[in-house]
1. For labels at Asp266 and Val146 in the simple 7 Å Cα→Cβ model, what's the distance in nm?
2. Pull up all non-local amide H partners of Val214: gap of 5 or more, or a different chain, and H-to-H distance under 5 Å with H placed in the peptide plane.
3. Under 30 Å Cα to Cα from Lys165, which lysines show up? Leave out anything in the same chain fewer than 8 places away.
4. Under 16 Å Cα-Cα from Lys169, which lysines qualify once same-chain neighbours fewer than 8 residues away are excluded?
5. Determine the shape class of segment 66-171: with a ≥ b ≥ c the square roots of the Cα gyration tensor eigenvalues, call it rounded for a/c under 1.5, and otherwise prolate if a/b is greater than b/c, oblate otherwise.
6. Keeping every protein chain in place, order Thr227, Thr167 by accessible area at 1.4 Å, biggest value first, i.e. largest first.
7. Based on alpha-carbon centroids, what's the gap between segment 95-121 and segment 253-290 in Å, whole number please?
Amino acid sequence: MARSRRRGISGFLSSIFSNRTESLVGEDRWRRNEWKRALISIVIVALMIAIIEGIYRLTHYGDFRFAVYLASIPVISGIPQVVCDSIVPYLRPHVRFVGGHVAIRGERLTNIGYLISYAIICMAVVGALVSGFLSHNFKIAIGIAVVAAFFAYHLLSENPIEDLKNTIKDRSITALSPDSIDFHMAPHLSIHKYLESASDGCGNDASFRWDQNVKIYDLSTTSHHVTLLADPDTYDGPWGLCCRTIGIPFTGLDALIRHFNEHPEDRPLLATPQGVDLVNDILAQARAALTTPQRSHT
């Protein structure tokens, strides 16, 4: 009876993990297509500006122009972020053998996207003030500058100098050894500092042993949090990692964790240069899953 119950639980968990893997693939595919949404946003904003500009020239009603300028600021500023995020799943990971373990070096694109957006907003503020000074239309100029500065501070960066320094000097590293997998996340952007103290087990650095049989259970990109579910007999999970990206697609991370959980005989290779080839093969298979067209099941 106990064995059948355990098998039933195992089957139930297996179905959950299968669904989670599909959700990871869906998340990575969503990110791969973010450049398309960025392009659509550009077209929509351009059409909106052209239409409102035409209405303004016919009616000379300045509030039309003011409204479209305000609405276009957050849309345009968000374009670099979605473009950079959509590039990450296409990139081949930088896998190296360093210090007796295999290290996967992450990318800086997510932070770069935010900083580019911040720079665009700052240029909008300066441009609005200069335009207002030259046209003597200070009401619209100051309104646009204030709204743009609000978006820049609350949505992009509270301390751009610190964010730029952290982006240049630090990056995420995923290290795989025969005993464990270790994560070092680049420092959070200043607008995400609250994550460092949001909850226990959620921070920039985390590690777990292979014998803890940890699996990815949930993924929440809106809160920059990845939740991993561990075997309750060996680990008190859940275990959390607060990050937006890890330098490789989430499907790649899931494939690595599953492989070394299910094939403990391959773990010693992670202490040798041959481990680089194995990790590259696993990530290549996960990458292929992203590029394979989805098929409907009947």
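The values are calculated or read from the model by the stated rules, or taken from the named source; none is laboratory data. Just so you know, these numbers come straight off a predicted model, no measurement behind them. In this analysis, Cβ positions are derived from the backbone assuming ideal geometry, glycine residues included, and neighbour counts consider all displayed protein chains. We work out accessible area using only protein heavy atoms, side chains counted, and drop any ligands, DNA or RNA first. Shrake-Rupley method; radii C 1.70, N 1.55, O 1.52, S 1.80 Å.
1. Going from the Asp266 label point to the Val146 one covers 5.9 nm.
2. Asp231
3. Lys193
4. Cα-Cα hits under 16 Å: none found.
5. Judged from the Cα gyration tensor, segment 66-171 comes out prolate (a/c at least 1.5, a/b above b/c).
6. If we order Thr227, Thr167 from most to least accessible, we get Thr227, Thr167.
7. If you average the Cα positions of each part, the centres end up 21 Å apart.
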